[in-house]
Ligand code: PEP
Ligand code: MG
C-alpha cells in the first residue's frame, strides 16, 4: 500500500499556516492564499470558485486572471471545466484545456492565454463547496505530486471558507454555512414517540476542523499514540475473538491487523503530518487517496481490501486523543443517535438512561432495530435523507416520532411548538394510564387478551405498568444478540426464570431462538447467503444444530420448574418440523423428570405462523399444537414476496389488503374449527385500525409493543365487534389494492377511536 506522499510542499503549508493564523478579512486572506499557491506551484494562474445558492460557482479570488472578473464570472454546476470538476467531485489534469469539449470560454477572464489546467474540488463534509484551479501558459501535464499538493491545499481553503468568521461574512453566507443552520427532514416513523437531545453520530466521520498544525513534532506524537492504540486494540480483538469468530470474520480481522501494521500506510500518514498537516487532515488525505483508488479498481478482492483500509482510517481517527473512550454505555447527556442503519445489537449497546431517539437514513418498520426500539420505548425515525451529511455530533435535535419529522438545530419557535406537542403526548399517555384498570374488552363486551412483546429483562421491569394480560411473544434471541459469545444454559435459565418471577403467574410465551436473516450472531458460523431472509434461519438452524435448540429448551424447562411453561417455534414451514422440534422438547422434559422429578407443572407448545406453506397444512398442524401465533411481519414478507427490510418495496403492499385479510380469515376459521387458541404477535397487532379489522375476522388475542397498549385498548373499548364483523368480512372479497380507506371511514362513522 505504499505510494507517493499525500502532502503539499512543507514551505507552502507553513506559509498558508501563517495566513490562516493571521487576522484580516476572509476575502483578503483568500487572495493571499491564491497568490501563494500560484507562486509555489509555478503557475501563472490560481483561482478559487465557491458555490453560491442555486448551485452556481462564482469566482471569488484569482491570481493571474483579470481582477474585474472576480464575482462576475459564474458557472452552473456541470458547466465548463470548473463546473465539471464540481459536478463529479474529482480533479481534472489537462495539458490543453481549451481543446476539452467541456471548456466554456469566459472573455472577461482573459484565460485564453493559458493552456494547461489543474483543478480540484474543495470539499467539506463530503460536499463540494468550491473548486480550486491552477493554470499555465505552456502545455504541460501536472505531476501526481502536484495534483496531491493542490488537493491538500483545497482542504485548507475549505477550512477557511467554513470557519466561523467566513460564515458570518455576507459574501460566504450562502455557501458553506449550512452545517449551523436549522434543517428539517421528513422521514418515516419506525418507532413512536417524541424526544429531544444532542446528536451522536453512530459512526463518527472524520472531521477536519484544523488542517494545518503549528507543531509537527507534537502532531507526530499524537499520530504515534493513536497508531499504537489502534494496533493494540486490533491485536487484542484478534486474540480475544480467536476462538469465537467464524473463519470469515477472522479473515477480516487478520486483514485489519495486516493494515494496522502496514509500513507504507503508516509512512504516508507520517509524511503528511511532517509536511505540516494535523493528524486529522493527514488521515483525511490518506483516506481520500484510498477512496480515489477504490473508484478506479474493479477487482472485487482488491476493492474489499481497500475498503478495509478506509475503515481502518475511521478507526484510527477514533483513537485520537483517547476518543475511542467515548463510551456508548455511559452517555453524558440526552442523546439522539444518528446512523445510516444499525443492527438491533448495536442499539442495545447504548446507555438506556440517556438514549432518547434514533434517526436513520435507511431502516424500515419491520427491521429488527425498529422492533427492539419499540420494545424499549425509544422513538425511531427512518428513511431520513442525507441526515448523515447534515447532522453533526452535538447538534440539538427534535425527533418527532409521531409525524416522522426531524428538526436539526431548530429555531426557538419550533422548539416551543415541539414542547407543546410533548405536553399533549404526556396528557394522552395519562389518559391511557387511566384505562389500565378497565377490563380488556370491546364496547359490546367481547373479552380480549391484550399482551405485550418483550425480549429482555429490562422490558419486563415495567410489565405491570401497562395493564397487559401477559407476554404474548418473548423474543429470546435478544439475549443472544447483545453478547459477544453464546449465553450458557445457566445464563439462559436465569433470564427465563427471572421473567417468570416478574410476571408473577401471568402467562408468558417464550419463542425459541429466531436468528439468521437480518439477526446475525457474530459467533455463529454461517456462510454468506444470497437471500438471507429465505435462508438458514430460525427453526432451520435449531433443527440443523440440535445442541443449540436442546440447550435452550433445557434452560426453559429448568426455569419453569413447578410452573406453567408456554413456548413456540419460529418459521415452521411444515408439520414435520414442528414434530421434530417437539420431540427434542419432550426429551428435555423427560430428562428433567428423571433427574429431579421436577419439570414444569404444565407445558403448552405452539408455533408461529409466518411461512405461507404451513397454512395449507393447518388441519394437520392444529391437531399437534396447543396454540398458534401469527408473525405477521414475516408472513406478509413471504406472502407478498416483499423484503421487509428493504425501504424501496417494504410499503408496496398494504397489510389491509383484501388478499392478506382473506388469508388471516382462513387461518382464524381453521383455528376456530379445531378449537385451537390463536393470536397475532407481529407489528399489526399494535396498530389500532389493523386490530379493528382483525377483531372483525375473529381475532381476540393480540401481542404488541408496550407503548401501543393504550391506543389499541382505547380503540377496543370504543368498538362494537358485532357491527365490525360483517363489514370486514365483506371487504375480503373486493378487488382493491387496500381497504384502509373503507375501514377508516367505518371507524369514523361508528365513533371508533383509531
Ligand atoms: C413476525 O415475523 O411477525 C414476528 C413477530 O417475528 P419477528 O418480527 O421477530 O421476525
Ligand atoms: Mg418473524
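Find how many whole Å separate the alpha carbon centroid of the stretch 327-345 from the alpha carbon centroid of the stretch 740-754. Spelled out, the Cα-based centre of one part sits 38 Å from the other.
Modelled spin labels at residue 21 and residue 431, positioned 7 Å past Cα toward Cβ, are 6.4 nm from each other.
Taking the number of Cβ atoms within 10 Å of each Cβ as an exposure proxy, the fewest-first ranking of 356, 488 is 488, 356.
Neighbour counts of other Cβ atoms within 10 Å put 474, 198, 480 in the fewest-to-most order 198, 480, 474. D by Stokes-Einstein for the chain, Kirkwood Rh over Cα pairs, 25 °C, 0.890 mPa s: 83 µm²/s. FRET efficiency for residue 564 and residue 35, Cβ-Cβ distance as r, R0 = 56 Å, nearest 0.05? In this case the efficiency is close to 0.10.
Extension gain, residue 412 to residue 624: 0.36 nm times the residue separation minus the Cα-Cα distance gives 70.2 nm.
For the listed peptides 666-672, 13-19, 107-113, a ranking on the average number of other beta carbons within 10 Å per residue, highest first, reads 13-19, 666-672, 107-113. Over the chain, Cα pairs under 8 Å with separation of 6+ residues give a relative contact order of 11 percent. For the pair the stretch 268-287 / the stretch 76-93, the C-alpha centres are spaced 26 Å from each other.
Judged by the mean number of other Cβ atoms found within 10 Å, the most tightly packed of the peptides 559-568, 457-466 leads the ranking 559-568, 457-466. Both radii were evaluated on the Cα set of the stretch 471-616; the Rg over Rh quotient, with Rh as the Kirkwood radius, amounts to 0.96.
The DSSP beta bridges internal to the stretch 436-749 are antiparallel in roughly 10% of cases. Take the Cβ atoms of residue 729 and residue 591, set R0 to 60 Å, and the FRET efficiency comes out at 0.80.
Residue 210 to residue 393: FRET efficiency via 1/(1 + (r/R0)^6), r the Cβ-Cβ distance, R0 22 Å, to the nearest 0.05?
Result of the calculation: an efficiency of 0.85.
Temperature 10 °C, viscosity 1.306 mPa s: under these conditions the Stokes-Einstein estimate for the stretch 541-663, based on its Kirkwood radius over C-alpha pairs, is 99 µm² per second.
Cβ crowding within 10 Å, taken as a proxy for footprinting-reagent exposure, orders 732, 384 from fewest neighbours to most as 732, 384. In the chain, the DSSP-assigned H stretches of four residues or longer account for a calculated mean residue ellipticity at 222 nm of -13500 deg cm²/dmol, using -39500 (n - 2.57) per stretch and the full residue count as denominator.
Bridge orientation summary for the chain: considering DSSP beta bridges with both residues in this region, about 55 percent are antiparallel.
For the stretch 8-170, the spread of Cα coordinates along the three principal axes comes to 41, 36, 31 Å, biggest extent given first.
If you bin every alpha carbon distance in the stretch 1-98 into 10 Å steps from zero, what whole percent lands in each bin? Computed distribution, short to long bins: 14, 38, 37, 10, 1. Across the stretch 632-744 the C-alpha pair distances fall into 10 Å bins from zero in the proportions 14, 46, 36, 5, 0 percent.
As a rough guide to protection, the peptides 214-224, 425-435, 331-341 ranked by mean Cβ packing within 10 Å, highest first, stand as 331-341, 214-224, 425-435.
With the cut-off at under 15 Å, measuring from each backbone N in the stretch 572-605 to a point 7 Å along the Cα-to-Cβ line of residue 529 picks out 572-574. The convex hull drawn around the Cα atoms of the stretch 366-438, when projected onto a plane and averaged over every direction, covers 6.5 nm². The label point for residue 540 and the one for residue 659, both projected 7 Å from the Cα toward the Cβ, are 2.2 nm apart.
Please report the spacing between the Cα centers of the stretch 384-457 and the stretch 700-724 in Å, no decimals. What the calculation gives is 18 Å, centre to centre.
Between residue 96 and residue 751, the simple spin-label model (points 7 angstrom out along Cα→Cβ) gives 8.6 nm.
Dividing the C-alpha radius of gyration of the stretch 436-749 by 2.2 N^0.38 Å, with N its residue count, gives 0.99.
Any read-out appearing in this document is the output of simple, stated calculations on the displayed coordinates, not a laboratory observation. Only a predicted model underlies this, so the values are computations on that prediction, with no experimental measurement involved. Positions of Cβ are generated from backbone atoms using ideal geometry, with glycine treated the same way; all protein chains shown enter the neighbour counts.
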